[in-house]
Amino acid sequence: MANRGPSYGLSREVQEKIEQKYDPDLEQRLVDWIVAQCGGNLEKPQPGKQNFQKWLMDGTILCRLINSLYPRGKEPIKKIPETQMAFKQMEKISQFLQAAEAYGVTTTDIFQTVDLWEGKDMAAVQRTLMALGSLAVTKDDGQYKGDRDWFHRYGKLLKKPQKPTFRSLTCTLLLSGCACCRKAQGYRREFSQEQLRQGQSLIGLQMGSNRGASQAGMTGYGMHRQIM
């Protein structure tokens, strides 16, 4: 974790609320998936938020993870250098975040580099990885490795009962495999050139319509209005 002083006052209260969102059970599920997905000789970290953060903070495992979701030769991150330089490690994290967004993870589910590098919001890191794993299962393109139930089976993500939010309900339904809450598949429509040409001659309803309009009964400009 980066060297920084303790928080006080309001900053400390905010940080404590952020830390309460971190889920140790979800951490273990994500570790199991990352090890299975990356393969090789990847070792698991010791349980705990700080160990999880140190395991991921140099960006190497994250880059290997996103590359493993693509066929060989089509990996989005071509070079993953082993380095101890801080700015290079943060650059690898940024490369993972860009690749994850290109893969289909929504912007609102993407954590910031400092959330992982400085350990400011490891719950956000969990959210990004959970969204990535769920999306990989939904794509069903043969690249996902591991137990599919890790992301589609109902899991008790929140150990303490709390007021449900839209995000927590969405995550619960998504992990339960609810068909109405799974990631939507794209439906691309193709139109022929003839259909496109016909569409150019149509007036959209947003622009209004002149159907049934008539100038009957109108008087010329400058003339007095006839009141019957």
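The values are calculated or read from the model by the stated rules, or taken from the named source; none is laboratory data. Keep in mind that this is a model prediction, so the values were computed, not measured. Neighbour counts are summed over all protein chains in view; Cβ atoms, including those assigned to glycine, are modelled from backbone coordinates with ideal geometry. Note: accessible area is taken over every heavy atom of the protein model, side chains too, but ligands, DNA and RNA are not part of it. Shrake-Rupley method; radii C 1.70, N 1.55, O 1.52, S 1.80 Å.
Quick rundown of the values:
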| read-out | value |
| --- | --- |
| Base-10 log of normalised Debye intensity for region 24-151 (one unit scatterer per alpha-carbon) at q = 0.16, 0.19, 0.22, 0.23 Å⁻¹ | -0.74, -1.10, -1.58, -1.76 |
| Listed residue pairs exceeding 32 Å between alpha carbons, taken from Lys54/Lys145; Lys92/Lys139; Lys78/Lys139; Lys78/Lys145; Lys21/Lys74 | Lys21/Lys74 |
| Per residue solvent-accessible surface (Å²) - region 24-151, probe of 1.4 Å | 47 |
| Highest average packing first - 89-100, 124-135, Cβ atoms within 10 Å | 124-135, 89-100 |
| Within straight-line cross-link reach of Lys79, aspartates and glutamates at Cα separation under 15 Å, skipping those fewer than 8 residues along the same chain | Asp58, Glu91 |
| Unit charges on C-beta of K, R, D, E only; dipole of region 24-151, Debye | 340 |
| Region 24-151, accessible surface, carbon-and-sulfur percent (1.4 angstrom probe) | 48 |
| Relative contact order of region 24-151, defined on C-alpha pairs under 8 angstrom at six or more residues apart (%) | 27 |
